[in-house]
Amino acid sequence: MGRLFKQYLNGPRIYSCSNCRSHNADHDEIISKAFQGRHGRAYLFNNVVNVTVGPKEDRLLMTGLHTVADIYCNCCQQVLGWKYEQAFEESQKYKEGKYILEKAKMFKEGNW
C-alpha cells in the first residue's frame, strides 16, 4: 500500500469529512442544496476531493433511475454520498459527473 495523498483546500468555507476532518469540497463548488440523501439533506457539488469512487449501480432515486457510484472518504472510508454517472431522463442529465455530499457526513471549516 502506498502513501496516501491528501489535497487541502484553501477557500474560506470548506466542507470536511465529519469523521476524520479530511477536506472534501469548497463551498463555491455547490450547485444546489435542494437534495435529499440517505441521512437527510444533501448538497450537489461540481467537484470534490479526497474521495474514492465505488462501483457503479443503477438506483431508483426520487427523481428517477440513475446510474450512481457511492463515494468514500480517502482517509477513513466513510460513505459521504454518491456520484451521478448517468441519468436516464433528459431533465436529469445536468447531474451527470456531479457529486452528492450528505450534510450529516460533513463538517464546516473556516469562516461561516
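Nothing in this text is a laboratory measurement; each read-out follows from the coordinates by a stated rule. This is a predicted model, so every value here is computed, not measured. Using ideal geometry, Cβ is built from the backbone for each residue, glycine included, and neighbour counts are taken over all protein chains shown.
Details
- Taken one residue at a time, the phi angles of the stretch 16-29 give Karplus couplings (6.51, -1.76, 1.60, θ = phi - 60°) of 10, 4, 5, 8, 10, 6, 5, 4, 10, 7, 8, 4, 5, 8 Hz. Gly and Pro are set to x.
- Prolate/oblate/rounded call for the stretch 21-69, Cα gyration tensor, a/c under 1.5 rounded: oblate
- Taking other residues whose beta carbon is less than 15 angstrom from the beta carbon of residue 24, and scoring Lys, Arg as +1 and Asp, Glu as -1, yields +2.
- Radius 13 Å from Cβ of residue 88, net charge of other residues (Lys, Arg +1; Asp, Glu -1): -2
- Rounded to the nearest Hz, the phi-derived 3J(HN,Hα) couplings of the stretch 86-102 under the Karplus curve 6.51 cos²θ - 1.76 cosθ + 1.60 (θ = phi - 60°) are 8, 10, 8, 9, 4, 5, 9, 4, 4, 7, 4, x, 9, 10, 9, 10, 7, where x marks glycine and proline.
- Computed magnitude of the charge dipole of the chain (debye, nearest 20; Cβ of K, R +1, Cβ of D, E -1): 380
- Reachable lysines from residue 95, criterion Cα separation under 24 angstrom, eight or more residues apart if same chain: 33, 56, 83, 103, 105, 108
- Overall, the stretch 1-67 carries a charge dipole of about 220 debye about its Cα centre when +1 sits on the Cβ of Lys and Arg and -1 on the Cβ of Asp and Glu, all other atoms neutral.
- Shape of the stretch 54-107, Cα gyration tensor, a/c cut at 1.5: prolate
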